[in-house]
Amino acid sequence: MSEKNYLTTDFTLRSWFLTTDHKRIAILYFASLIFFFFVGGAAATAIRIELATPQADLVSSDVYNRLFTMHGIIMVWFFLIPSIPNTLGNFIVPLMIGARDLAFPRLNLMSWYVFMLGGCVTLFAILAGGIDTGWTFYTPFSTLYSNSYVIVAAAGVFIAGFSSILTGLNFIVTIHRLRAPGLTWYRLPLFLWSLYATSVILVLATPVLAITLLLMATERFFGVGIFDPRIGGDPLLFQHLFWFYSHPAVYIMILPGMGVINELVSCFSRKEVFGYKFVAWCSLAIAAVGFLVWGHHMFVSGQSLVASLVFSFMSFIVAVPSAIKVFNWTATLHKGSIHFDAPMLYALAFIGLFTIGGLTGLFLACLAYDVHATDTYFVVAHFHYIMVGGMVTAYFGGLHYWWPKITGRLYSEYWARTAAVLIFFGFNLTFFPQIILGAEGMPRRYHVYPPEFQVWNVLSSGGAAILAVAYLMPLFYLGYSAFFGKRAPANPWDAPGLEWQTSSPPPEFNFETQPVVTREPYQYNERFEAEPQNA
Amino acid sequence: MPESSAVAPQYASIPHRDHTAELGMWVFIATEVLLFGGLILAYLVYRHAFPQGFAAGSRHTEIVIGTANTAVLLTSSFLVAWAVEIFSPATSKIVTWLLVGAACLGLVFIALKALEYSGEYDEHLVPGINFQFAGPKANGVQLFFIFYFIATAIHALHMLIGIGLLITLAIICRRASTKRHHTALHSAALYWHFVDVVWIFLFALIYLPGRSTS
Amino acid sequence: MTEWRPPIALVGAWLALLALLALTVALAYLPLGAGNGVVALTIGTIKAGLVAAIFMELRHRGGLTLIFAGAGLFWLGILLWLGSMDFLTRT
Amino acid sequence: MWRQWIPFWQPGLSTHSGDVDLLFAGLLIVSALVIGLLFFLLTLFCTRYRAGNQTDRDHRVKKSWHWEVSWTAASFVCFLGLFIWGASVYFQIYRTPADEHDVFVVAKQWMWKTQHPGGQSEIDALHIPIKRPVRLVMASQDVIHSFFIPALRLKHDVVPGRYQDLEIEVDKPGHYHLFCAEYCGTDHSGMIGEVVAMEPSDFSNWLTQQAPSSPLASEGSQLFRELGCSGCHGNGSAVRAPPLEGVYGKPVPLSDGTTVIADDKYIRDSILMPRSQVVASYQPVMPSFEGKISEDQLLRLVAYIKSLAGHQS
């Protein structure tokens, strides 16, 4: 290519590690997240192998407890929360709003370094001997009884939290201040609405996690503290503070996924998203109401019945905007012109899996059933349907969709579709049996279990093997395409978004001339012929 | 990189940059509110559970130091607000002195705080290190002092960061004060006022309860 | 050469803050029972409001800044309200 | 009961578990309808409107708000119904139990210790008579555990520092799993046991066959003397302390003007934090037993004080 793009402006290491270019920072994040995804995935694999038999045969209980804790901590804080916002969001947000960078580029770089510092501290905790508290760090186990590296791990998460806050802050200000002329709020792509909502949660919930972990670590360090039942402290207060962050964090993880799905569904059915304004406001509604429901993690903990009642009601309320979104995506397909490219396959898989995840969520929001189902595999299956079936699937969809823009190359459509289908089946085989296990009463975090649960566990482990292979596939075909793929045109999907108006990959400051927006988003030209991509 | 222009490439103009920076600062303050919010919830819950213990704990704090510190901090905030208000290249000298004054008041606050801590250490009121409190309210008092030390320590940390910011800005104003530093000063001032507001509430929660009874 | 003088609003706010401080300390010694806590927090809120409106210049700011400043407080309210609800309604 | 008339419906092991099962069925039906409708529409649209398929794409639905309002309202009403249903069953399950056959449960890493009023104690097992509500008084010695009987669809966390009441009732004899459902450390998955429900006659046989041990209350009475409680609370003592005879279950006036019911929780708190709720017109002179007494011993003292009020335990 004659024109220089952001990848070819400079090749030194320094130009990467001191860059303030949001696109390069997105790539830095992307590389780090792949690493953490496979660390967390390795733990998951070990867990599933161990659970294939009811006895303890692969690892001891202590190792097992460290495995699921590491899986949780790595996956939640070092993969799911930063996944879409920090890679796709970082890359796409300025492009989508027609800006030359985020509002605070140096803060953006700093956020990556803070993230990596947090990641290294956490990895150190794991390598030094691990943590066995579960990702929830419940007191008093974490403060008084656990003999593992709790403070180090909490410090890692604490540090990574600041990275989240900085990213959220950057997105909020960027979306407010750096929109191209003519790009009003109702002309924003829905991906940006959902990232905005995500950022609100990041900024307002993460500090509560920080203070909670700080209180927990102080208590552990000094042997006495605010949650200590020996001096009249209440362990439930820890749970309240923890879930004030961690429940909204669930929406941090799923909202960006929903945002991506809007883009994919509308692009590949060549139609504007049905009920644009409803979907946009639903993102904000989820972000706001998502703060009112945290107590549904505590229906059997001994919190007051009145509190349970309020939290259960709110949990049903927060399900309404999610339901609205699913209906709107479906309605978007109506009278569209649907193309089944790989990103669309991921989007359809998302809708199905997310719906199952959401419906199992209703079971758990329902007070009396939650008494039975909480702390069983029902919960495990539920949140994996949302987090993995929803978020990771959406992430893959978005990654394929914007891959030509990010790398300037086209991937192999054949392999991409195969991987999408394989992920869908592997996922369901892994997690549907867990719904049944939960309904039958198998508690979570069990290293050994009564033999009558074995059938479903074996199925789940078998599915996990398929899923592991399916998740490895993109590493190869996307990796291959990044270097040897066919060159991508500026707009391979014939999409109207601003990010497609600049070359692929974009130049260093995104746009040669300041773009001006004159129309609503998603004005698709119906007769789009997909590029022949089977390179 | 084609730097060296007056504003970074993502901004259209200087006012655009300044407004963006200010908005960023407000978002940051919202974050900070929730950081202290977690502590305040813990305080409210335990004050509800141990009203007597919290009153007793509060009576063991030094209200003279607390009140003096509040006055010091309010005055320092006033000086900073004054500096922001009159900031211009022409007044850089006064601004510098105002900022130095505010930072010095901040240091006075820290010194008084240290004095108070050492007094509490001598009275064996530091939970986890040497807490000794006989009597029925011991649990409540201990919980109160755990809150007290964590909240004031985090606040003091914020103070130290703020003092650093003020001194940096004072140096900048002394050396080369230009219009563009107004934004930096304004952001630092917002932060300093916020730390002040936090203290106003901590003062009401820590020093005032239980004074009317004994 | 008047440009270095502080605006009257700033001086007024500063004096008012110091006066409120004296008032709140004095009132803390009046036996009002549960009223003491309410008084202390009310005066605290007024003081914080003065700092925000005058020192932080919120009175000159537009809706967006006000929303951002209020968002933190609003969510703080959620945290305190729902967080203490459990403890206030336990049996 | 009308439920007997539902075809193929198995009544649960207890009234409550039957209610939960019914709720589960209701949730399943709602979910199946939603999933069915959604997958039907997805399949329909994906086949009919796939690119290249010549079909009518004119007259698209543009005005969306009445669609939005209708499915918003539909989901809301449906959710509201489920909420009310779930909440009403929840309140049934967790209603504060009346004074029934009490069993004490102490959870510790990593075992369940249960104790019957007659002093029979079991490890990782709980024998109960059928068709009779049993009140569990649960306490934890260390971390949070959770008492979970899947067959009864019943679970409750056992949080250190407080007592937790839970009422269970089983209608059919049998052996049922007892799990710890809240992660509690290394051997969490080993903290399992069984609940054995027996016919009342078998149960009384079982009780008498257990290793002879003195009833909890008499062990408590012994502790009461050993720990020196009787020095003040006993008759004719020099120190003026509230008499404990007949106090259990009665309202107690406190020095701050309020009243509490002297239940298990109050007695426990009074032993551990004696000066937090002082009885009116008495001096706060009692020392705290915090850290000097285990949960097991506490339960015995509570049982003893209950027995002073003429309760069976």
If the requirement is being over 19 Å from the mean Cα position of the chain (by Cα) and at pLDDT 95 or above, which of these qualifies: A:160, A:155, A:180?
A:155
Checking the structure you have, find out if any residue of segment D:185-195 is open to solvent by 20 Å² or more (accessible area, probe 1.4 Å), in the same structural domain as residue D:125 (by TED's automatic domain parsing), more than 30 Å from residue A:62 (Cα to Cα) and of a type in the set (S, T, N, Q).
no
Taking the conditions exactly as written (part of a helix (DSSP H, G or I), within 30 Å of residue A:318 (Cα to Cα) and open to solvent by 20 Å² or more (accessible area, probe 1.4 Å)), does residue D:18 satisfy them or not?
no
Checked segment B:135-168 for anything surrounded by 22 or more Cβ atoms within 10 Å (Cβ to Cβ) and either within 16 Å of residue B:29 (Cα to Cα) or of a type in the set (S, T, N, Q) (or both); matches are B:139, B:142, B:159, B:162
Let me spell it out: the conditions are (1) open to solvent by 20 Å² or more (accessible area, probe 1.4 Å); (2) closer than 21 Å to residue A:328 by Cβ, and residue A:221 meets all of them except one. Which number is the exception?
(2)
In segment A:340-369, how many are in contact with a His (Cβ under 7 Å, 6 or more places away or on another chain), more than 26 Å from residue A:265 (Cα to Cα) and open to solvent by less than 10 Å² (accessible area, probe 1.4 Å)?
1
Within segment B:55-67, restricting to residues that are more than 10 Å from chain C (Cβ to nearest Cβ) and not β-branched (Val, Ile, Thr), the one that is surrounded by the most Cβ atoms within 10 Å (Cβ to Cβ) is B:57
Count, please, the residues in segment A:138-149 that happen to be under 13 Å from residue A:218 (Cα atoms) and assigned to a loop (DSSP other than H, G, I, E, B).
2
Candidates A:432, A:427, filtered to the one that is open to solvent by 30 Å² or more (accessible area, probe 1.4 Å) and of a type in the set (Phe, Trp, Tyr)
A:432
Taking segment B:19-37 and keeping residues under 20 Å from residue A:97 (Cβ atoms) and open to solvent by 40 Å² or more (accessible area, probe 1.4 Å) leaves B:19
Could you identify the single residue in A:393, A:418, A:407 that is among the hydroxyl-bearing types (Ser, Thr, Tyr), buried (at least 22 other Cβ atoms within 10 Å of the Cβ) and away from chain D (no Cβ under 12 Å)?
A:393
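So that you can scan it fast, the table gives a plain yes or no per residue for (1) within 14 Å of another protein chain (Cβ to nearest Cβ); (2) crowded, with 16+ Cβ neighbours inside 10 Å:
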position	(1), (2)
D:167	yes, yes
D:181	yes, yes
D:205	no, no
D:209	no, no
D:226	no, no
D:229	no, yes
D:237	no, no
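Listed here are the residues, each with its yes/no results for (1) open to solvent by less than 10 Å² (accessible area, probe 1.4 Å); (2) away from chain C (no Cβ under 14 Å).
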{"residue": "A:260", "(1), (2)": "yes, yes"}
{"residue": "A:264", "(1), (2)": "yes, yes"}
{"residue": "A:273", "(1), (2)": "yes, yes"}
{"residue": "A:277", "(1), (2)": "no, yes"}
{"residue": "A:292", "(1), (2)": "no, no"}
{"residue": "A:298", "(1), (2)": "yes, no"}
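Could you check, for segment B:143-157, whether at least one of its residues is without any contact (Cβ under 8 Å) to a residue 12 or more places away in the chain and within 30 Å of residue C:20 (Cα to Cα)? Explain how you work it out, then say what you get.
Going residue by residue through segment B:143-157, those that are without any contact (Cβ under 8 Å) to a residue 12 or more places away in the chain are B:153, B:157.
Then keep just the ones that are within 30 Å of residue C:20 (Cα to Cα); that gives B:153, B:157.
Yes, because at least one residue in segment B:143-157 is without any contact (Cβ under 8 Å) to a residue 12 or more places away in the chain and within 30 Å of residue C:20 (Cα to Cα).
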So is residue C:30 surrounded by fewer than 13 Cβ atoms within 10 Å (Cβ to Cβ), part of a helix (DSSP H, G or I) and not β-branched (Val, Ile, Thr) or not?
no
Does residue B:201 satisfy being facing another protein chain (nearest Cβ under 9 Å) and open to solvent by 20 Å² or more (accessible area, probe 1.4 Å)?
yes
Restricting the search to segment D:21-50, which residues are open to solvent by less than 20 Å² (accessible area, probe 1.4 Å), of a type in the set (A, V, I, L, M, F, W, C), touching a residue at least 40 places away in the same chain (Cβ under 8 Å) and over 15 Å from residue D:92 (Cβ atoms)?
D:27
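Could you say whether any residue in segment D:104-112 is farther than 26 Å from residue D:189 by Cα, more than 11 Å from every other protein chain (Cβ to nearest Cβ) and modelled with pLDDT of 90 or more?
Step one: of segment D:104-112, the residues farther than 26 Å from residue D:189 by Cα are none.
Among the residues of segment D:104-112, not one is farther than 26 Å from residue D:189 by Cα, more than 11 Å from every other protein chain (Cβ to nearest Cβ) and modelled with pLDDT of 90 or more, which makes the answer no.
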Looking only at segment A:319-342, decide whether some residue is in a helix (DSSP H, G or I), closer than 25 Å to residue A:491 by Cα and away from chain D (no Cβ under 11 Å).
yes
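Quick grid of which residues meet (1) in a helix (DSSP H, G or I); (2) more than 12 Å from chain B (Cβ to nearest Cβ); (3) open to solvent by less than 10 Å² (accessible area, probe 1.4 Å); (4) touching a Pro at 6+ places or on another chain (Cβ under 6 Å):
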site: A:175; (1), (2), (3), (4): yes, no, yes, no
site: A:182; (1), (2), (3), (4): no, yes, no, no
site: A:200; (1), (2), (3), (4): yes, no, no, no
site: A:213; (1), (2), (3), (4): yes, no, yes, no
site: A:216; (1), (2), (3), (4): yes, no, yes, no
site: A:246; (1), (2), (3), (4): yes, yes, yes, no
site: A:250; (1), (2), (3), (4): yes, yes, no, no
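Tell me whether segment A:11-32 contains one or more residues that are within 23 Å of residue A:62 (Cβ to Cβ), among the polar types (S, T, N, Q) and either open to solvent by less than 10 Å² (accessible area, probe 1.4 Å) or in contact (Cβ under 8 Å) with a residue 12 or more places away in the chain (or both). Steps first, answer last, please.
Within segment A:11-32, the first condition is being within 23 Å of residue A:62 (Cβ to Cβ), and the residues that meet it are none.
No, every residue in segment A:11-32 fails to be within 23 Å of residue A:62 (Cβ to Cβ), among the polar types (S, T, N, Q) and either open to solvent by less than 10 Å² (accessible area, probe 1.4 Å) or in contact (Cβ under 8 Å) with a residue 12 or more places away in the chain (or both).
For every residue, the table says whether it meets (1) outside any helix (DSSP H, G or I); (2) aromatic (Phe, Trp, Tyr).
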| position | (1), (2) |
| --- | --- |
| A:406 | no, no |
| A:417 | no, no |
| A:426 | no, no |
| A:429 | no, no |
| A:432 | no, yes |
| A:437 | no, no |
| A:445 | yes, no |
Based on what the data block shows, is residue B:213 surrounded by fewer than 20 Cβ atoms within 10 Å (Cβ to Cβ), more than 15 Å from the chain's Cα centre (by Cα), away from chain D (no Cβ under 14 Å) and not in a helix (DSSP H, G or I)?
no
Does segment D:72-92 contain at least one residue that is modelled with pLDDT under 85 and either buried (at least 16 other Cβ atoms within 10 Å of the Cβ) or polar (S, T, N, Q) (or both)?
no
Selected residue (criterion: surrounded by the most Cβ atoms within 10 Å (Cβ to Cβ)) from residues of segment B:74-117 that are touching a Phe, Trp or Tyr at 6+ places or on another chain (Cβ under 9 Å) and more than 10 Å from every other protein chain (Cβ to nearest Cβ):
B:76
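The values are calculated or read from the model by the stated rules, or taken from the named source; none is laboratory data. Treat the numbers as computed from the prediction; the structure is a model and nothing was measured. Positions of Cβ are backbone-derived with ideal geometry, glycine not excepted, and every protein chain shown enters the neighbour counts. Only protein heavy atoms, including side chains, enter the accessible area calculation; ligands, DNA and RNA are left aside. Shrake-Rupley method; radii C 1.70, N 1.55, O 1.52, S 1.80 Å.
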